[in-house]
Every structure is written in C-alpha cells, then in structure tokens.
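Asks: One structure, as structure tokens, below. Some questions next.
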Amino acid sequence: MWWVREYQISHTIIRLQQGSQGQFPLTQNVTVVEGGTANLTCRVDQNDNTSLQWSNPAQQTLYFDDKKALRDNRIELVRASWHELSISVSDVSLSDEGQYTCSLFTMPVKTSKAFLTVLGVPEKPQITGFTSPVMEGERMQLTCKTSGSKPAADIRWFKNDKEVKDVKYLKEEDAVRKTFTVSSTLDFLADRSDDGAVVSCRVDHESLNSTPQIAMQVLEIHYTPLVKIISSNSWPEEGQSIILTCESKGKPLPEPVLWTKDGGELPDPERMVVNGRVLSISFLNKTDNGTYRCEAKNPIGRNSTEYVLIVHDVFNTLLPTTVIPSLTTATVTTNVALTASTTTSATATSIRDPNALAGQTGPDHALIGGIVAVVVFVTLCSIILLGRYLARHKGTYLTNEAKGAEDAPDADTAIINAEGSQVNAEEKKEYFI
C-alpha cells in the first residue's frame, strides 16, 4: 500500500530533521608562529553518522572525514571520528593565514569558522650609524632596524641597562607579505662618561615567547685629559719632604706629564726629582714657595692644573733666663718655650691647606704677647727686690788711716787722735754695692 510507504518515508525525514537540531560543529581560533604547526579541530557532541569536512580560506576541501582531498604534504590527518575531525598544517607561512571552515553535512549543512593567525617573526636587529672613535661633544645618531614582524614589533633602547625614552620610532608595511619593517633612532651628544658604555637595542614581539632579540654596540669616546694634583703633605714645613702626584685621565692615554714652577723649569733638579707623574721635593725651604704646574696632553688636546706650595716655619724658641736674688741666694729660672706643631685628632674637622693663600692661619700672636708681658713683669719685680736688699745691707767702716793710732808717740796722743777721728768719721764712710 503506497500510502503506508509514503508515511514511513516522511516520518523518517522528520526524525532526521529533529535529530539534526541538536548537532552543531564547534571550532576555535588558532594563532601560530610563522614556520610552526597549526592544529585545527572540529567537534560535534551529537552526531548520527553525519560527515565532517575541513576547507581552507579559498574554500578548497582539505579533508572529508578521513579522506584527504587536497594534495599538500604539509596537511596531515590527526583524528577522524563521528564526533571529531582534527588536522594539522606544518611549516605554516603567512599566506596560510585566514578563515578555515568546518562543515557538518546535515539538512541543512551546518558550519563553524576558525581563524588562523600567523605571526611574522622579526629579524635580528642591527645598529647602524656608529663610527669609531667619536670625539667628545660630537652628535651621535644610532639607528636600530628590524624587518619581517607581524604585527609590528616594538623597539626599546638601553644605555648600560638603563632605558632611554627620548627616541624616534618609524614603521613601514610590506604590502606583499603584510609584514612590517620597524626602525628607531637614538640621538645624543657624545660625552666622556659614555666611553665604554654599552648601548643596546631590544626588539619585543609576541612571536619571541618573552625572549627578546638584542643588538649591542660598545661606545668609544675620545676626549682631552683631565688633570689633578694630589699632595702627600697638607702642612709642609721647612726641612720636611713633599710628594706631588699628577693624576691624568684621557683617551687616548695622555703622554708623560710636564712639571714646571712659576712658568719655568724646576730650579733645583737635585732636590726636585720627577719620576713619571710624581714630583718629589726634599729638604723644603722658603725658596721652594711658588706655583707648580702639571700639564698632560694627548692627540685630542692638552690640559693642566696648578698647585701653590707654601713652606711654613718650624717654631721652637727659648726666651732668656731671669735670675731673682734673695736672702738665701736662691735662683729662679723661667724657661718659656714656644713650639708650633701640627696634630691630627679624631675629632678634627678642618685641615690646613697649603694651597690656600687667603685666610692662612699663623702663630697665635695674642698668646706670645701675653707671655712677653709676664716676663717683663717678673723682671721688674726682680729689680725692685734687689734694690731693697742692697738698701738694708749697706755697711760703714773706718779705715786704719782715719784712726791714727799707729802714728801716736804715746797713749795720750793716740786717745786724743781717736776722739778726733770719730768726729770726722762721717766723712770717711764707704758704701759697698
């Protein structure tokens, strides 16, 4: 019966349509680095023996179930079942990028899209624009360039591991390969502090897996010498020695330094000995005072510095001895010694600089004046005491000639002469001093 058969066919079609409503292919977008392998997977949770198919952006069939449709050795079957169709594309190129389609052949046909993104790996960067050596003060322009990145790579500059922000950035797109060429320029004035510095250009890109590509350049800067004199004695005195060291730094290395005094040659080569950069002066005296000059030069230029030497006196003076007489003939001796010395203490906060002419510290004149006043006062007191001593111990005596006893002929005459001599005794007094 024809109508029974037609009913069965219609019922079967309705069942297929109702069953296919729960079937839908599932895919995911894929990102791969150029030259890598891309895995495309299409899954169906409910499938009643319905076929699956993968096609490329040009709508060419790659695989229909487990049957390969396109002759491309890079495309391989990974897994084929009623619930999954997975394929792999090896050695991916930028031209493989696009939208791939997974089709489930139901009524109607259901599809799912998966976009394949191919990352262009940037080439190793190169630094250009450096010509060695560079003179101090010249302008330097270093350019870092890299090509083949997709999307555009990022370039960062560093000098001795410290990032430099003020740079120029430029990117250009290659319309054929859809990649970018990126360049960055570092512009600065060469300074002696940059000599030996490492300038690096770092390229960051998502295709490098957190391992940036780096190009480095070591700077070589030539500059005039920098000169400095170091003294071994901060307070030189007569009879001592002093060593002056001339430190010079430059590139190229400065030639042996030249020592002069007051604009001319060293006056006493026997005591003033030059050994390389060191000037040694022995047995200092006042004639060594003056301005000593150290000059250094290299092919770039010359430079010099000066040191003013002042030789100080050695104070060691004894004042005269004063004797004070007394009844017991005791002698008091006063010795006043002035000694100038230099001591260094742990709490000292200032150091005498012989190189400083203005405000130089000398002997304490107030102290010396006070000591002299005390000595004068002691001398005056001694004179006063001596005068009083002599006034109290004056003596008188009568000479034998005044008595006249030896010339008298008899005792009566001698007595008369003695009495007469007593009257004139005041006239024959002598004072002993």
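The values are calculated or read from the model by the stated rules, or taken from the named source; none is laboratory data. Values in this document were obtained by computation on a predicted structure and should not be read as measured data. Cβ coordinates were reconstructed from backbone atoms using ideal geometry, including for glycine residues, and neighbour counts include every protein chain displayed. In case anyone asks, the SASA skips ligands and DNA or RNA and just uses the protein heavy atoms, side chains included. Shrake-Rupley method; radii C 1.70, N 1.55, O 1.52, S 1.80 Å.
Asks: Restricting attention to the range 157-171, report how many residues are under 16 Å from residue 125 (Cα atoms) and acidic (Asp, Glu).
Replies: Here the count works out to 0.
Asks: Of the conditions (1) within 24 Å of residue 312 (Cβ to Cβ); (2) basic (Lys, Arg); (3) open to solvent by 80 Å² or more (accessible area, probe 1.4 Å), residue 249 satisfies every one except a single condition; which number is it?
Replies: (1)
Asks: Now, a different point. Run down 109, 167, 89, 121 and say which single residue is among the β-branched types (Val, Ile, Thr), touching a strand residue (DSSP E or B) at 6+ places or on another chain (Cβ under 8 Å) and exposed (fewer than 14 other Cβ atoms within 10 Å of the Cβ).
Replies: The unique qualifying residue is 109.
Asks: Identify all residues within the range 34-50 that are under 15 Å from residue 95 (Cα atoms) and surrounded by 18 or more Cβ atoms within 10 Å (Cβ to Cβ); write none if there are none.
Replies: Within the range 34-50, 34, 38 qualify.
Asks: For the range 171-187, give me each residue that is in contact (Cβ under 8 Å) with a residue 24 or more places away in the chain and either of a type in the set (Val, Ile, Thr) or part of a loop (DSSP other than H, G, I, E, B) (or both).
Replies: Within the range 171-187, 177, 178, 179, 181, 182, 185 meet the criteria.
The rows are residues; the columns are (1) touching a residue at least 40 places away in the same chain (Cβ under 8 Å); (2) among the acidic types (Asp, Glu); (3) under 23 Å from residue 33 (Cβ atoms).
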site: 66; (1), (2), (3): no, yes, no
site: 75; (1), (2), (3): no, no, yes
site: 80; (1), (2), (3): no, no, no
site: 91; (1), (2), (3): yes, yes, yes
site: 117; (1), (2), (3): yes, no, yes
site: 126; (1), (2), (3): yes, no, yes
site: 130; (1), (2), (3): yes, no, no
site: 138; (1), (2), (3): yes, yes, no
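Asks: Further question: Residues in the range 204-243 that are in contact with a Phe, Trp or Tyr (Cβ under 6 Å, 6 or more places away or on another chain) and open to solvent by less than 10 Å² (accessible area, probe 1.4 Å): how many?
Replies: Qualifying residue count, the range 204-243: 0.
Asks: Also: Quickly run through the range 273-292 and pick out the residues that are under 35 Å from the mean Cα position of the chain (by Cα) and not in a loop (DSSP other than H, G, I, E, B).
Replies: 273, 274, 275, 278, 279, 280, 281, 290, 291, 292
Asks: Further question on the same structure: Would you check which residues across the range 80-93 are assigned to a loop (DSSP other than H, G, I, E, B) and either at pLDDT 95 or above or aromatic (Phe, Trp, Tyr) (or both) and list them?
Replies: Correct list: 82, 90, 91, 92.
Asks: Please state which of the following conditions residue 215 fails to meet, knowing it meets all the rest: (1) part of a loop (DSSP other than H, G, I, E, B); (2) in the same structural domain as residue 135 (by the TED database); (3) of a type outside the set (Phe, Trp, Tyr).
Replies: Failing condition for residue 215: (1).
Asks: Quick check on the range 188-203: of everything there that is touching a Lys or Arg at 6+ places or on another chain (Cβ under 7 Å) and assigned to a strand (DSSP E or B), which residue is most open to solvent (accessible area, probe 1.4 Å)?
Replies: This residue is 189.
Asks: Continuing with this model, one more query. Mind listing just one residue for me: the one in the range 126-161 that is surrounded by fewer than 17 Cβ atoms within 10 Å (Cβ to Cβ) and of a type in the set (Phe, Trp, Tyr) and, of those, farthest from the chain's Cα centre (by Cα)?
Replies: 130
Asks: Name the residues in the range 267-290 that are touching a residue at least 24 places away in the same chain (Cβ under 8 Å), open to solvent by 40 Å² or more (accessible area, probe 1.4 Å) and more than 13 Å from residue 240 (Cα to Cα), would you?
Replies: Those that are touching a residue at least 24 places away in the same chain (Cβ under 8 Å), open to solvent by 40 Å² or more (accessible area, probe 1.4 Å) and more than 13 Å from residue 240 (Cα to Cα): 277, 278.
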